[in-house]
């Protein structure tokens, strides 16, 4: 039970840190990219005509869905 509580607390801390970074990125004059800007940069990455960024992002979301949402 204690390991589950630690895991939940770790995800809560990660979520709070993500929110803090996103908030800092949206301030006036910030040089930190927002999540949307970071995703746009990754999605635009191509090797030749192969959209490697889109394939990688799709693979990441597949992995997240498989490990956290499938039961």
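The values are calculated or read from the model by the stated rules, or taken from the named source; none is laboratory data. Predicted, not measured: the structure shown is a model, and the values here were computed from it. Glycine gets a Cβ as well: all are built from the backbone with ideal geometry, and neighbour counts include every protein chain shown.
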Residue check for residue 4: outside any helix (DSSP H, G or I), without any contact (Cβ under 8 Å) to a residue 40 or more places away in the chain and loosely packed, with under 11 Cβ neighbours inside 10 Å:
no
Within region 8-27, is there a residue that is over 17 Å from the mean Cα position of the chain (by Cα), free of Cβ contacts under 8 Å to residues at least 40 places away in the same chain and in a helix (DSSP H, G or I)?
yes
Are there any pairs with C-beta distances below 9 angstrom linking a residue in region 55-66 that is modelled with pLDDT of 90 or more to a residue that is surrounded by 10 or more Cβ atoms within 10 Å (Cβ to Cβ) and not in a helix (DSSP H, G or I), with the two at least 6 apart or on different chains, and if so which?
56/45
Looking at residue 35, is it within 13 Å of the chain's Cα centre (by Cα) and in contact (Cβ under 8 Å) with a residue 12 or more places away in the chain?
yes
Check 49, 30 and return the single one that is more than 14 Å from the chain's Cα centre (by Cα) and surrounded by fewer than 10 Cβ atoms within 10 Å (Cβ to Cβ).
49
Could you tell me which numbered condition residue 30 fails, if it satisfies all but one of (1) part of a helix (DSSP H, G or I); (2) touching a helix residue (DSSP H, G or I) at 6+ places or on another chain (Cβ under 8 Å)?
(1)
